[in-house]
1. Is segment 215-224 home to any residue that is in contact with a helix residue (DSSP H, G or I) (Cβ under 9 Å, 6 or more places away or on another chain), within 24 Å of F321 (Cβ to Cβ) and part of a strand (DSSP E or B)?
2. What is the one condition in (1) modelled with pLDDT of 90 or more; (2) closer than 19 Å to S239 by Cβ that W188 does not satisfy?
3. Just to be sure before I move on: is S241 touching a His at 6+ places or on another chain (Cβ under 7 Å) and surrounded by fewer than 23 Cβ atoms within 10 Å (Cβ to Cβ) in the structure I sent?
4. Would it be correct to say that G411 is in contact with a Ser or Thr (Cβ under 7 Å, 6 or more places away or on another chain) and surrounded by fewer than 16 Cβ atoms within 10 Å (Cβ to Cβ)?
5. Please enumerate the residues belonging to segment 406-421 that are in a strand (DSSP E or B) and either basic (K, R) or more than 9 Å from the chain's Cα centre (by Cα) (or both).
6. Report whether or not S250 is at pLDDT 95 or above and of a type outside the set (V, I, T).
7. For segment 230-256, give me each residue that is touching a Gly at 6+ places or on another chain (Cβ under 6 Å) and assigned to a strand (DSSP E or B).
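The values are calculated or read from the model by the stated rules, or taken from the named source; none is laboratory data. On a predicted model such as this, the values are computed, not experimentally measured, just so you know. In this analysis, Cβ positions are derived from the backbone assuming ideal geometry, glycine residues included, and neighbour counts consider all displayed protein chains.
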Amino acid sequence: MRGHGVVVTFGTREGVDQPGDRHRRERVGRPPSRSILILIVGGAVVVGCLGTGAMASAISAAAASSSWGGAPVGRGTAQFARGRVETPREVPDSGPVSGARGTPSSASGDLGGVTCLSTIDCQAMGERNDGPLIGQVYQPPGPWTLAGGAEGGSLSGDTCAGPDDCWAVGTTASGLGTLIEQNTGDGWGTVTSPSEGGGGYTELSAVTCVSPSDCWAVGGYDNANGVPETLIEWYHGTSWSIVYSPNEGSGDWLLGIACAGSAECWAVGQYGDIEIGEGQPLLLEYNGAGWSGPAWEQYGNTLNAITCVNASDCWAAGNYFDGSEYQTLVFQYNGTDWSRGTSPDAGSPDPSVVYNSLNAVACSGADDCWAVGLYDEPGGLFNQTLIEQFDGTGWTVVGSPDPGGADILYGVACASSTDCWAVG
């Protein structure tokens, strides 16, 4: 289902059933949404148009060596919709709505990712009806402008290793091959990217860079039997190549990646467990020698996104099924072990709210993280936005605008502790 794009920025600005490709992401619902740009400036919410006919699909933030703070930030997926967030506790009002900052009206299609090199240099990726869509903004909250892109295909995630070294990944127009684009300061161009055989759907969902000569992209592909398998590719400064990636079950797909260093990376997603008939979270670790998957028993869970502040502080976010409804899910890594954290749900205790999900997460520091996602409004007809903040102590739901009939957000990135963007 095609909808309209959404971009949301929040914070106070100083001075101003199997995971995988797009049809698999339907598991969290993709109702059409109004295109919108939202900026919170000192408590006031500014809403504007982001172009017609767009729907966001994924997110990645700049990697470890980025110029906006040094915290490698992962990406994920997220969805949102209409109205105010309803939570078990009182949610602060998101503020008055006024003003507008827009993208070109020709930006029709999907927004697939967003990256900020600094508070004055951000870009969003995705697709439009005639091919990949790349939008760029300088001096936000100024207008977004189109920045090019190859013809055909779609982009699901992006990252920058520096101001003149950015990457975007996705799938070709046919959906049967990977798509990688690079901007070295002279504009975007398609580079050669390998694909696994099998003849089925193939997509790179996320990308991150430790340095200009050390980048990773993750996703999945349908093998010759139509069963999804993980896909990991590595860039060593010259070209991209496929590296071995384990599969834990039947129907494996990677959705997010984050690196805390050249020998410390994590990738997350979901795989199907045939024996119990439920999905499980997929967590892979790179230790400098290869990728491996620790044994988990987290039935009914999905990890959609991951971010790392440093090698001993990472967050993964998603959702889990408790037998009757889906609830938000967070895990934290302390440098040794992963442990499940506590994250609130929106809409409770309304029994008609049966779906909560955190599908993107980003941190500007150890005590400042944001996770975005969705929850079903009462009656389950539309999704509504869900935004949560971690302040170093715990996660809480914060007020988030829902300006359209069925607004959708798929990801979040932070340029600083006072400047974050979410797309949908």
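1. Taking segment 215-224 first, the residues in contact with a helix residue (DSSP H, G or I) (Cβ under 9 Å, 6 or more places away or on another chain) are 220.
Going one step further and asking which of them are within 24 Å of F321 (Cβ to Cβ), we end up with 220.
With the extra rule that they be part of a strand (DSSP E or B), the set shrinks to 220.
Checked segment 215-224: at least one residue is in contact with a helix residue (DSSP H, G or I) (Cβ under 9 Å, 6 or more places away or on another chain), within 24 Å of F321 (Cβ to Cβ) and part of a strand (DSSP E or B).
2. (1)
3. Values: touching a His at 6+ places or on another chain (Cβ under 7 Å): no; surrounded by fewer than 23 Cβ atoms within 10 Å (Cβ to Cβ): yes.
When the stated conditions are applied, S241 does not pass them.
4. Numbers: in contact with a Ser or Thr (Cβ under 7 Å, 6 or more places away or on another chain): yes; surrounded by fewer than 16 Cβ atoms within 10 Å (Cβ to Cβ): no.
Criteria not met by G411.
5. Quick first cut of segment 406-421, residues in a strand (DSSP E or B) only: 411-416, 419-421.
Answer for segment 406-421, where residues must be in a strand (DSSP E or B) and either basic (K, R) or more than 9 Å from the chain's Cα centre (by Cα) (or both): C414, A415, S416, D419, C420, W421.
6. So S250 does not fit the description; no.
7. Answer for segment 230-256, where residues must be touching a Gly at 6+ places or on another chain (Cβ under 6 Å) and assigned to a strand (DSSP E or B): T230, L231, S250, G251, W253, L254, L255, G256.
Okay, residues lined up against (1) surrounded by fewer than 19 Cβ atoms within 10 Å (Cβ to Cβ); (2) farther than 18 Å from W291 by Cβ; (3) modelled with pLDDT of 95 or more:
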{"residue": "L176", "(1), (2), (3)": "yes, yes, no"}
{"residue": "L179", "(1), (2), (3)": "no, yes, no"}
{"residue": "G197", "(1), (2), (3)": "yes, yes, no"}
{"residue": "G200", "(1), (2), (3)": "no, yes, no"}
{"residue": "T208", "(1), (2), (3)": "no, no, yes"}
{"residue": "P212", "(1), (2), (3)": "yes, yes, yes"}
{"residue": "A217", "(1), (2), (3)": "no, no, yes"}
{"residue": "G220", "(1), (2), (3)": "no, no, yes"}
{"residue": "A224", "(1), (2), (3)": "yes, yes, no"}
